[in-house]
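Working notes, structure below.
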């Protein structure tokens, strides 16, 4: 029987293109290492600490970021691979932000700037952000005045388009992108292995429980974000309009309005998010 939490896709319907499934499959080195090698055209001896859905929460007011796949190799290189199915029109800035957060995570471990590791951020997309039909777009800092000179900041960014048709890439990678785009049965040894790994995850009860836990947390965060709007509105406007108008405007009950006002009065320094969370979850 299919389990559903809010608007979250049922566990049984997940594919390799869903970030949870992608992270689960890539948490095994035997699945992750070949993919990196196909994309980058390199050989990797060993991957350490592959982490699924790693969250980097930095200080200084930065927004935390949850990474689909985060790992390091034996050559002091950090890799972040993301599955992106929604085109939010901000892919380039998103890639920049992920590089920044990786660096901050390293610096907060007590390392110096000179000890920053090489970082490679890879986005696998089901939309063609650059509109050229290419399988792969690779970016590395280059001098505008002299193309033979590079910034050499040890960052590399790669964007893959699963429905691409232009460019010369590894045949196993090409077959894998087609599999991610929905081709069944998968063609190619690696794509076939990924398909088997997906099926293995789907019969694993621990992965199912992890997914349901994640789904509930997402639902909670969505509810908190929505209720936070009411908290912010009450904080700004309760002296300007009557309670009845406020309740009608925000579609909240008398009990909810009273709870919001009480929390604001008793905790003047508490953020709107924390107030919303406290009221909804206790």
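The values are calculated or read from the model by the stated rules, or taken from the named source; none is laboratory data. Note that the coordinates shown come from a computational prediction; the quantities given were computed from them, not determined experimentally. Cβ coordinates were reconstructed from backbone atoms using ideal geometry, including for glycine residues, and neighbour counts include every protein chain displayed.
Find the residue count for the stretch 124-164, including only residues that are assigned to a loop (DSSP other than H, G, I, E, B), over 23 Å from residue 193 (Cα atoms) and touching a residue at least 24 places away in the same chain (Cβ under 8 Å).
7
For (1) in contact with a helix residue (DSSP H, G or I) (Cβ under 6 Å, 6 or more places away or on another chain); (2) assigned by TED's automatic domain parsing to the domain that holds residue 216; (3) under 22 Å from residue 216 (Cβ atoms); (4) part of a helix (DSSP H, G or I), each residue gets a yes or a no:
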{"site": "230", "(1), (2), (3), (4)": "yes, yes, yes, yes"}
{"site": "234", "(1), (2), (3), (4)": "yes, yes, no, yes"}
{"site": "240", "(1), (2), (3), (4)": "no, yes, no, no"}
{"site": "244", "(1), (2), (3), (4)": "no, yes, no, yes"}
{"site": "262", "(1), (2), (3), (4)": "no, yes, no, yes"}
{"site": "268", "(1), (2), (3), (4)": "no, yes, no, no"}
{"site": "275", "(1), (2), (3), (4)": "yes, yes, yes, yes"}
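One line per residue, one yes/no per condition, for (1) at negative phi; (2) crowded, with 17+ Cβ neighbours inside 10 Å; (3) in contact with a strand residue (DSSP E or B) (Cβ under 6 Å, 6 or more places away or on another chain):
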| site | (1), (2), (3) |
| --- | --- |
| 120 | yes, yes, yes |
| 123 | yes, yes, yes |
| 133 | no, no, yes |
| 144 | yes, no, no |
| 147 | yes, no, no |
| 150 | yes, no, yes |
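Name every residue in the stretch 165-190 that is surrounded by 13 or more Cβ atoms within 10 Å (Cβ to Cβ) and assigned to a loop (DSSP other than H, G, I, E, B), in order of residue number.
If the condition is that a residue be surrounded by 13 or more Cβ atoms within 10 Å (Cβ to Cβ) and assigned to a loop (DSSP other than H, G, I, E, B), then 167, 169, 170, 181, 183, 186, 187, 188 are the ones that fit.
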